[in-house]
């Protein structure tokens, strides 16, 4: 959460005792963006480097002892800002490892021949828009080219001078750029994600133009573009419309594409395109979490080109500092369940903080769980990417997989469009309902349901045009689902409308009953819903950072008390300006506490809503919020800020500050 909170006194109320916060621990210590970089030392010995990302401690490089698996770790210079190595490439010429970091958009260098230098920070790639690199490639002259988000920007790093040449945007609309350099001097890049296409680039001037076929419909999986560097050192483009070789600033049709060159990194993946044979005939690969680079990868398999040399396994002993938490809810056994953020590991803890455990992978989606619900004694989680649904039974042993015998079990996708599953609820009819934002490059999210008893599922796209569900609430009085809608688009797309909406959905008929804005002007995104009693509902409406980054104007958050059956607003109040904006999403920020009283939270405070009104009373505030230019920023250096709002169990409000699980003991309700 990234906002402060204004204190509004309620006349005639006696002040309650001060609220107290306690730390419960760090549930998840996994890593993300893990890549294995094979190579050689200057004296010709085999060399293994591993790069990892993490929230607590920032990205790091581990030198792996080829005999024992022991890891010598090297930390990044700015662990608060340089958390994830979203692009990495080990030079085939020098053995130097280059890393690009999110979310500060810096380029880093680690030279295993000079380990005393550690990870060198080479500077900001492009101050205009670039917040993380998407790909790194090495040209024949040794220059390093980096693609970056946002703005699909291209940057060159000169090894001799240490200077950056910033060529700017390679596309006027799209945001992602994945470059590759050929040994003949060619330079090309894939542009993604709204209209994927290839650009050929003059490496000296940055002059560029589109070449070859484009993907006109990203939902049509028959259309594809694959840019690769082949064993002849040239660049090739394999597409649904033919095969081509990149010849400078043009494409030449070819009959076949040669095999890919070993040691060239795939665009936005966690592996190299083909294994590199290192001195002694060895090839190395991860045995665990190899495809996603997230989790707790500790096993490296070494195989040899000589079949008489037996394979062996190295066990890595790297130490993680902690992964941010992303969602948490009570489970069927009264314990707290939640997800880590890259890696998407399931954790559990008793309400008093005891018996805390990382239960490991629960989904093939290793980003993070966005939402969680309990149904039939089981915990269901909906995760990014692909809005994959998974299930965990606390009464059965751990054995992750895809089959009925597995636990947790990945149940797959409910549709081919949903990607960020903002909401998940269990309905009384035994079905789960999921609301999700769309895939990269798309507009209009999905409302979908799944029946665990039969496996049946169905999805509805954009129940209100150009919107995505952000919050769901079952209404027992009308047996309908109230849907809070956001203007969220798929990543890489600009918003198509400015107003969110409300909708009523009949689950029995499986159709839309009503949608509208309730007459609310400047309706932003409906981020959170909570029952207020008597058929009324509280809605928190605001605009998070992820919506602002898609081109929407900022709107101050407000609280609305509504009557869904009558489709009218009972009360509303704009939050004062010193509340600040909503957090990065604002989801689940309203929670029902003892006696049915509704509580809310922002980044730096917790508040209680006076029943039947939109007046709020602050009950806890961070003592010294970190600010910059008048805006509250949430960083790992902010020691008290609320990042994720969890449930209220008894008088305990659970939340996360980065990687730390915490609990706030709510004061007793004030007496009149």
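The values are calculated or read from the model by the stated rules, or taken from the named source; none is laboratory data. Model, not experiment: these values are computed from the prediction. Here the Cβ is made from the backbone with ideal geometry for all residues, glycine too, and neighbour counts use every protein chain on show.
For the range 102-139, filtering for residues that are touching a residue at least 24 places away in the same chain (Cβ under 8 Å) and touching a helix residue (DSSP H, G or I) at 6+ places or on another chain (Cβ under 9 Å) leaves 1.
So that you can scan it fast, the table gives a plain yes or no per residue for (1) within 16 Å of residue 28 (Cβ to Cβ); (2) in a strand (DSSP E or B); (3) modelled with pLDDT of 95 or more; (4) over 14 Å from the mean Cα position of the chain (by Cα):
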position: 333; (1), (2), (3), (4): no, no, yes, yes
position: 337; (1), (2), (3), (4): yes, yes, yes, yes
position: 343; (1), (2), (3), (4): yes, no, yes, no
position: 347; (1), (2), (3), (4): yes, yes, yes, yes
position: 351; (1), (2), (3), (4): no, no, yes, yes
position: 359; (1), (2), (3), (4): yes, yes, yes, yes
position: 373; (1), (2), (3), (4): no, yes, yes, yes
position: 380; (1), (2), (3), (4): no, yes, yes, yes
position: 389; (1), (2), (3), (4): no, yes, yes, yes
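Among the residues of the range 273-328, those that are on the phi > 0 side of the Ramachandran plot and surrounded by 15 or more Cβ atoms within 10 Å (Cβ to Cβ) comprise 280, 289, 293, 295, 322. Scoring residue 242 on the criteria (1) surrounded by 24 or more Cβ atoms within 10 Å (Cβ to Cβ); (2) over 29 Å from the mean Cα position of the chain (by Cα) leaves a single failure, condition (1). The set of residues in the range 467-491 that are buried (at least 18 other Cβ atoms within 10 Å of the Cβ) and assigned to a loop (DSSP other than H, G, I, E, B) comprises 467, 487, 488, 489, 490, 491. Within the range 514-543, the residues that satisfy the criterion of being part of a loop (DSSP other than H, G, I, E, B) and in contact with a strand residue (DSSP E or B) (Cβ under 7 Å, 6 or more places away or on another chain) are 517, 518, 519, 520, 523, 524, 535, 543.
When the range 432-454 is filtered for residues that are more than 18 Å from residue 218 (Cα to Cα) and out of contact with any strand residue (DSSP E or B) (no Cβ under 8 Å at 6 or more places or on another chain), the ones remaining, listed by number, are 453, 454.
Restricted to the range 523-542, and to residues there that are under 27 Å from residue 496 (Cβ atoms) and without any contact (Cβ under 8 Å) to a residue 40 or more places away in the chain, the residue that is surrounded by the fewest Cβ atoms within 10 Å (Cβ to Cβ) is 523.
Could you say whether any residue in the range 172-190 is surrounded by fewer than 20 Cβ atoms within 10 Å (Cβ to Cβ), free of Cβ contacts under 8 Å to residues at least 60 places away in the same chain and within 25 Å of residue 109 (Cβ to Cβ)? Yes, the range 172-190 contains a residue that is surrounded by fewer than 20 Cβ atoms within 10 Å (Cβ to Cβ), free of Cβ contacts under 8 Å to residues at least 60 places away in the same chain and within 25 Å of residue 109 (Cβ to Cβ). Restricting the range 107-132 to residues that are farther than 26 Å from residue 41 by Cβ and surrounded by 23 or more Cβ atoms within 10 Å (Cβ to Cβ) leaves a set whose member that is nearest to the chain's Cα centre (by Cα) is 130. When residue 14 is tested against (1) more than 18 Å from residue 279 (Cα to Cα); (2) in contact with a strand residue (DSSP E or B) (Cβ under 8 Å, 6 or more places away or on another chain); (3) modelled with pLDDT under 95, exactly one condition is not met: (2). Filtering the range 58-73 to residues that are assigned to a loop (DSSP other than H, G, I, E, B), surrounded by fewer than 21 Cβ atoms within 10 Å (Cβ to Cβ) and modelled with pLDDT of 95 or more leaves 65, 68, 69, 70.
Residues checked against (1) within 14 Å of residue 22 (Cα to Cα); (2) modelled with pLDDT of 95 or more:
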residue	(1), (2)
611	no, yes
617	no, no
631	no, no
641	yes, no
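Against the numbered list (1) buried (at least 21 other Cβ atoms within 10 Å of the Cβ); (2) at pLDDT 95 or above; (3) more than 28 Å from residue 193 (Cβ to Cβ), residue 568 comes up short only at (1).
Name the residue that is nearest to the chain's Cα centre (by Cα), counting only residues in the range 544-572 that are under 13 Å from residue 518 (Cβ atoms) and outside any strand (DSSP E or B). Don't jump to the end; show me each part of the working.
Restricting attention to the range 544-572, the residues satisfying the condition of being under 13 Å from residue 518 (Cβ atoms) are 558, 560-572.
Restricting the remaining residues to those that are outside any strand (DSSP E or B) gives 564-567.
Numbers: 564: 32, 565: 36, 566: 38, 567: 35 Å.
Of everything passing the filter in the range 544-572, 564 is nearest to the chain's Cα centre (by Cα).
For the structure I just gave you, tell me whether residue 99 is buried (at least 20 other Cβ atoms within 10 Å of the Cβ) and assigned by TED's automatic domain parsing to the domain that holds residue 286. Judged against the criteria, residue 99 is a match. Within the range 138-148, is there a residue that is at pLDDT 95 or above, exposed (fewer than 15 other Cβ atoms within 10 Å of the Cβ) and within 30 Å of residue 495 (Cβ to Cβ)? Scanning the range 138-148 turns up no residue that is at pLDDT 95 or above, exposed (fewer than 15 other Cβ atoms within 10 Å of the Cβ) and within 30 Å of residue 495 (Cβ to Cβ).
Test residue 241 against the criterion of being within 30 Å of residue 461 (Cα to Cα), assigned by TED's automatic domain parsing to the domain that holds residue 164 and in contact (Cβ under 8 Å) with a residue 12 or more places away in the chain, and give yes or no.
Considered against the rule, which asks whether it is within 30 Å of residue 461 (Cα to Cα), assigned by TED's automatic domain parsing to the domain that holds residue 164 and in contact (Cβ under 8 Å) with a residue 12 or more places away in the chain, residue 241 comes out as yes.
Determine if the range 376-393 includes at least one residue that is free of Cβ contacts under 8 Å to residues at least 24 places away in the same chain, touching a strand residue (DSSP E or B) at 6+ places or on another chain (Cβ under 9 Å) and farther than 19 Å from residue 286 by Cβ. It would help to see each step written out before you state the result.
If we filter the range 376-393 for residues that are free of Cβ contacts under 8 Å to residues at least 24 places away in the same chain, which is where we start, we get 393.
Filter once more, so that each one left must be touching a strand residue (DSSP E or B) at 6+ places or on another chain (Cβ under 9 Å): 393.
Those left that are additionally farther than 19 Å from residue 286 by Cβ: 393.
Checking the range 376-393: at least one residue is free of Cβ contacts under 8 Å to residues at least 24 places away in the same chain, touching a strand residue (DSSP E or B) at 6+ places or on another chain (Cβ under 9 Å) and farther than 19 Å from residue 286 by Cβ.
Residue 362 meets all of the listed conditions (1) in contact (Cβ under 8 Å) with a residue 60 or more places away in the chain; (2) more than 20 Å from residue 454 (Cβ to Cβ) but one, namely (1). Of the set (1) at pLDDT 95 or above; (2) touching a strand residue (DSSP E or B) at 6+ places or on another chain (Cβ under 7 Å), all apply to residue 466 but (2).
Within the range 492-513, how many residues are in contact with a strand residue (DSSP E or B) (Cβ under 8 Å, 6 or more places away or on another chain) and assigned to a loop (DSSP other than H, G, I, E, B)?
If we filter the range 492-513 for residues that are in contact with a strand residue (DSSP E or B) (Cβ under 8 Å, 6 or more places away or on another chain), which is where we start, we get 492, 500-507, 510-513.
Next, only the ones that are assigned to a loop (DSSP other than H, G, I, E, B) stay: 492, 500, 507, 510.
Number of matching residues: 4.
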